[in-house]
Each structure stands twice: as structure tokens, then as C-alpha cells.
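Here, each number is a calculation from the coordinates, and none is a lab measurement. From a predicted model like this one, the values you see are computed outputs, not experimental measurements. No Cβ is skipped: glycine too gets one built from the backbone with ideal geometry, and neighbour counts run over all protein chains shown.
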Amino acid sequence: MIKKLCVLSFTGLLSLTLSGCFLTDAINTLEATTITQSTYDEVHQGYVAAFLVPAKNYRNLGYCATGTKPTLAKPCADRVVVEKLQNADAAVNAAFISVQGMIASGDNTGLSAAYKGLQDVIAAAEGIAAANGVH
Amino acid sequence: MDPATLIADAAAIATILSEVVTTIEDAAPFVKALYNLLVLKQPLTDDVRASLNAKEAELRAALNTASIPADRA
């Protein structure tokens with residue numbers, strides 16, 4: 001009797017585990033299939049317009065003289081902020097290249113994770129811009 | 001209006017106009033892209049994507065340029 005229960009529990013556990021695996025796979029597939037070229041294009045153009053344009057304009061102000069801060073009368077770019085913007089953009093660019101490569105090749109393995117990573121680095125970049133008045 | 005004021009005003013207007021033109025030039029690829037995505041509800045066409053990618057490369061190069069070393073303040 002005990003042996004039979006154990007077999008039943010083992011079967012139930014295996015069934016649940018397998019169901020969990022199938023569910024996870026199904027969710028991954030669903031998420032991956034919703035990340036299309038159009039999804040990428042929307043995010044991409046949004047990033048270029050909302051981050052790269054103001055970041056370029058900020059950089060074009062010219063660096064502040066050492067020991068000075070930007071003012072309305074004499075706007076200038078803080079070297080430290082520019083470096084942060086450059087590094088953040090480099091991370092976003094690498095993530096875009098990765099996601100675009102997966103979409104183009106039809107490789108859905110890891111696409112959801114890569115897309116999540118892309119969203120995270122974009123949010124970090126936009127956070128740096130917002131925190132430093134780059135808009 | 002004396003000549004000095006006129007020149008100063010003209011310079012100010014020219015500066016503002018150059019800013020506006022720059023903004024329009026920057027915006028053009030995005031307007032096309034948004035039209036594709038939001039109005040046509042289609043992926044970007046090859047020419048629009050190429051235009052957007054070119055603008056992106058231009059902006060990134062400007063962000064990373066070392067050719068504006070002048071201290072402004």
C-alpha cells in the first residue's frame with residue numbers, strides 16, 4: 001500500500017514538474033513570439049529619439065571649464081555625465097545588436113531574457129539622463 | 001533700432017533658427033518610423049530603417065566625439 005502511494009505520489013510529482021516545465025516553455029515561447037521586428041523597431045526608434053538626441057545635444061554644449069557648473073546663462077556639459085551617457089549608450093547598443101540578431105535569425109531561445117536585458121539597460125540610460133537634466 | 005541691436009537680434013534669431021532646423025532634421029527619421037509603426041501598423045520598410053539607423057549612427061558619433069574639447073563656462 002505504502003509502495004503504491006509512493007508510486008502515485010512520484011507520478012503526481014513528476015506530472016506537476018513536467019506540467020511546470022511545459023508551462024515555462026509555453027510562456028517563454030509566447031513571450032518570444034510577441035517580440036517581433038515591429039516590437040524591436042518601436043523600442044529602437046523610441047530610444048534613439050528619447051535618449052540619443054538629447055544626449056547628443058548635451059554633448060554638443062561643450063565641456064564645462066574645470067571647477068565650474070552649468071548655468072542657464074552658460075550651459076555646458078559635465079564631463080562625468082557625458083562619460084556616463086556614453087557608457088550607458090554603449091550597453092544599450094550592444095543589447096540592441098543582440099536582440100536584433102536573435103529576431104533576424106529566428107532564434108527564440110533566450111530572446112525574452114535578452115529583450116528584458118535591453119529594457120533594463122534602456123531604463124538605466126534614461127535614468128542617468130533624467131537625473132542629470134539631459135532632455 | 002541701432003545697428004548694434006539689429007545685429008544682436010539677427011544673431012539671436014539665427015541661433016534660434018539653427019536650433020529649430022537641427023531639431024527638425026533630427027526628428028525626420030522618427031516621424032517616418034512612427035508613421036510606419038503607428039499609422040500603417042507595419043514593421044519599418046528597409047528605407048525607413050536605413051534612415052533611422054543612419055541617424056542613430058550620426059547621433060552616437062556626435063555623443064562620442066572628442067572634437068568638441070572647448071571649455072564653455
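Odds and ends about this structure:
- Other protein chain Cβ atoms within 10 Å, averaged over every residue that makes up A:38-47: 5
- Remark: C-alpha extents of the range A:27-125 on the principal axes read 53, 20, 19 Å, sorted largest to smallest.
- Taking a Cβ cut-off of under 10 Å around A:Tyr47, the surrounding Lys, Arg, Asp and Glu residues balance to a net charge of -4, with basic ones at +1 and acidic ones at -1.
- Residues whose placed amide H lies under 5 Å from that of A:Cys64, excluding near-sequence neighbours: A:Ala77, A:Asp78, A:Arg79, B:Arg72
- With each label modelled as a point 7 angstrom along the Cα→C-beta vector, the A:Ser98-A:Gln119 pair spans 1.5 nm.
- Couplings 3J(HN,Hα) for the range A:41-56, derived from phi with the Karplus relation 6.51 cos²θ - 1.76 cosθ + 1.60 (θ = phi - 60°), are 4, 4, 5, 5, 5, x, 5, 4, 6, 8, 10, 5, 4, x, 5, 5 Hz, where x marks Gly and Pro.
- Cut-off 14 Å between beta-carbons: net charge of the residues surrounding B:Val39, Lys and Arg +1, Asp and Glu -1: 0
- Calculated FRET efficiency for the pair B:Lys41/A:Asn87, C-beta based, R₀ 45 Å, to 0.05: 0.80
- Sorting A:Glu83, A:Glu126 from the fewest to the most surrounding beta carbons within 10 angstrom yields A:Glu83, A:Glu126.
- Distant-in-sequence amide contacts of B:Gln42, defined by a placed amide H-H separation under 5 Å and a gap of 5 or more residues or a different chain, comprise B:Leu37.
- Protection proxy ranking, peptides B:39-45, A:66-72, average beta carbon neighbours within 10 Å, highest first: B:39-45, A:66-72
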